[in-house]
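Quick notes on the structure that follows.
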Amino acid sequence: MVVSTFTQEYTSPVAPSRMFKALILDSNILIPKLLPQFIKSVDVIQGSEGTGTIEQVNFTEASDLKYVKNRIEELDKDNLVCKYTLIEGDPLGDKLDSIAYEVKFEAASDGGSICKITSNYITIGDFTIEEEAIKDGKDKALGIYKVVEAYLLENPHVYA
């Protein structure tokens, strides 16, 4: 097993609490609503939407993915942090055991937010993953982030 760690940051003019609520707490409702062409549904498979909960994201035929299952490891609403692990699904293939994520929203000096994401790719055997190999996934994540951000900017009363 090899663990490869990657980090990324996104900035937004939207307050961190609003981004956290939209992208983390209400993602199972909001994301399929905003991206119905790619995400069919987000279903709670086990738990009650807190630590230990397992959610399954089901993609439409337009996506190259069928589904992913994520387990919430930690949900800290006060500090706007979510840790979760992708435990099953197409992105893992035959070389990855899991992908552990930590997503944290912090206040930016301009009133907006900074989203910091740490991704730990846990491989099977001694396979190592390079950052270029995960570029497509990072681009898709940024796309979702930008769609949610645009929705919140257009709807300032939502999660206010």
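The values are calculated or read from the model by the stated rules, or taken from the named source; none is laboratory data. In this text the structure is predicted, and so the values were computed from the model without any measurement. Ideal geometry is used to build each Cβ from the backbone, glycine not excepted, and the neighbour counts take in all protein chains shown. These accessible areas exclude ligands, DNA and RNA; they are computed on the full protein's heavy atoms, side chains included. Shrake-Rupley method; radii C 1.70, N 1.55, O 1.52, S 1.80 Å.
The C-alpha atoms of the chain define a longest principal axis, and helix 135-154 lies at about 20 degrees to it. Compare the Cα positions of LEU30, THR7, GLN46 along the charge dipole of the chain (+1 at Cβ of Lys, Arg; -1 at Cβ of Asp, Glu; about the Cα centre) and return the one farthest towards the positive end. The residue sitting farthest along the positive end of the dipole is LEU30. At full extension, ILE45 and GLU102 could sit 18.4 nm farther apart than now, given 0.36 nm per residue minus the alpha carbon distance.
Please list, in order, the residues from region 115-137 whose amide nitrogen is less than 14 Å from a point placed 7 Å along the Cα→Cβ vector of LYS95. Inside the label zone: 121-137.
Which pairs, out of LYS95/LYS116; LYS66/LYS140; LYS21/LYS66, put more than 23 Å between their alpha-carbon atoms? Kindly include the intermediate steps, with their values, before the conclusion.
Numbers: LYS95/LYS116 26 Å; LYS66/LYS140 15 Å; LYS21/LYS66 26 Å.
In this structure, LYS95/LYS116; LYS21/LYS66 lie more than 23 Å apart at Cα.
For region 14-118, a simple Cβ point-charge model (Lys and Arg +1, Asp and Glu -1, everything else neutral) yields a dipole of about 220 debye relative to the Cα centre. Annotation for region 66-107 versus region 109-136: alpha-carbon center distance of 11 Å. The apolar share of the surface of the chain, taken as the fraction of accessible area on carbon and sulfur atoms (1.4 Å probe, ligands and nucleic acids excluded), comes to 51 percent.
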